[in-house]
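Reading through the structure tokens given below for one structure.
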Amino acid sequence: MSATRYAYLGPEGTFTEVALRTLPEAATRELVPMVSVPAALDAVRGGEAAAALVPIENSVEGGITATLDELASGEPLMIYREVLLSISFALLVRPGTKLTDIKTVTAHPAAQPQVRNWMRTHLPDALWESAASNADGARLVQEGRYDAAFAGEFAAAKYGLVPLVTEIHDAVNAQTRFVLVGRPARPAAPTGADKTSVVLWLGDDHPGALLELLQEFAVRGVNLMLIQSRPTGAGIGNYCFAVDAEGHIADRRVGEALMGLKRICPNVRFLGSYPRAGVAVENVRALRPGTSDAEFVAAADWLARSQDGRA
């Protein structure tokens, strides 16, 4: 395995590359652009890269399905870091292009919900076609395949384009969350401001099946930050659930919740426990009474003493 290579959703000039370069270790790694999220993750699985940074969620549309599906299937991988990046688009065009000249536009599919209203107002007749990434859309504009691309303003110079309009976003303060993914290993020690990600499969479809999963978290005071259903491919009505929960697998409340889920789910895939981006320990919400590690330990001690006749 190449311990010095990090893969990312390319080509050069993507928001993913910008997010990756915010990590201190990126300065000492060879950064390798890949044509798609599956290709970036397969580079890790195949030993071509030690890790890959890929988008997993945005604040406008929620989970990035390509990433969620890849992490739920295939050889297991683990999340070790997350990065939050504020997102604002520029409309990149070849020099000399005016707004009235634009008949076709392109970008990554996740960009469309973030610029849909702007397009409706300013380019109501333009045809949208998806690209593998926003930077790849810029490359296609450079080649003359499309008239314009939504991408980061920083990508313009790379592809010989000019930003015709900047600061485009339908939602103010839009953010995308990226995750650094590697091969499975022991999670880093808890920081006190952590997140745990899992994928859960229902055993069978019956009334209250999803509620049973959620109760494993609720009764232990574990707050959920994301839950998204994804089809398993086994037919209509067959779903798995991608879940992000507050806390670390080493926290008793989280560990016991995962044990409870393992008892009732045919499959539970642990995707990692890792520090939450941009959250200081002092800003983490207080635990509900009865859910701290000390209280779990005290309860276990009481049970042991009761079993021994010492309660």
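Structure notes:
- Cα long-axis angle, helix 209-218 against the chain (0 to 90 degrees, to the nearest 10): 70
- Folded to 0 to 90 degrees: helix 252-264 orientation relative to the chain principal axis, Cα: 90
- Under 21 Å from K195, Cα to Cα: lysines that are on another chain or at least 8 residues apart: K262
- Full extension of the chain segment joining A188 with R285 gains 32.8 nm, where the gain is 0.36 nm per residue of separation less the Cα-Cα distance.
- Cα-centre dipole for the chain with unit charges at Cβ (Lys and Arg positive, Asp and Glu negative), debye to 20: 300
- Spatially proximal lysines relative to K158 (Cα-Cα < 27 Å; intrachain offsets below 8 disregarded): K98, K103
- Protection proxy ranking of 230-239, 287-296, 252-261 - average other beta-carbon atoms within 10 Å, highest first: 252-261, 287-296, 230-239
- Taken about its Cα centre, segment 236-297 carries a charge dipole of roughly 220 debye when the Cβ of each Lys and Arg holds +1 and the Cβ of each Asp and Glu holds -1.
- Here segment 1-120 is treated with +1 on each Lys and Arg Cβ and -1 on each Asp and Glu Cβ, and its dipole about the Cα centre works out to around 560 debye.
- For segment 179-235, the average shadow cast by the Cα convex hull is 6.0 nm², which is a quarter of the hull's surface.
- Largest-first ellipsoid semi-axes for the chain, taking √(5λ) over the Cα gyration tensor eigenvalues, angstrom: 42, 20, 18
No lab work stands behind these numbers, since they all come straight from the coordinates. Keep in mind that this is a model prediction, so the values were computed, not measured. Cβ: placed from backbone, ideal geometry, glycine included. Neighbour counts: every protein chain shown.
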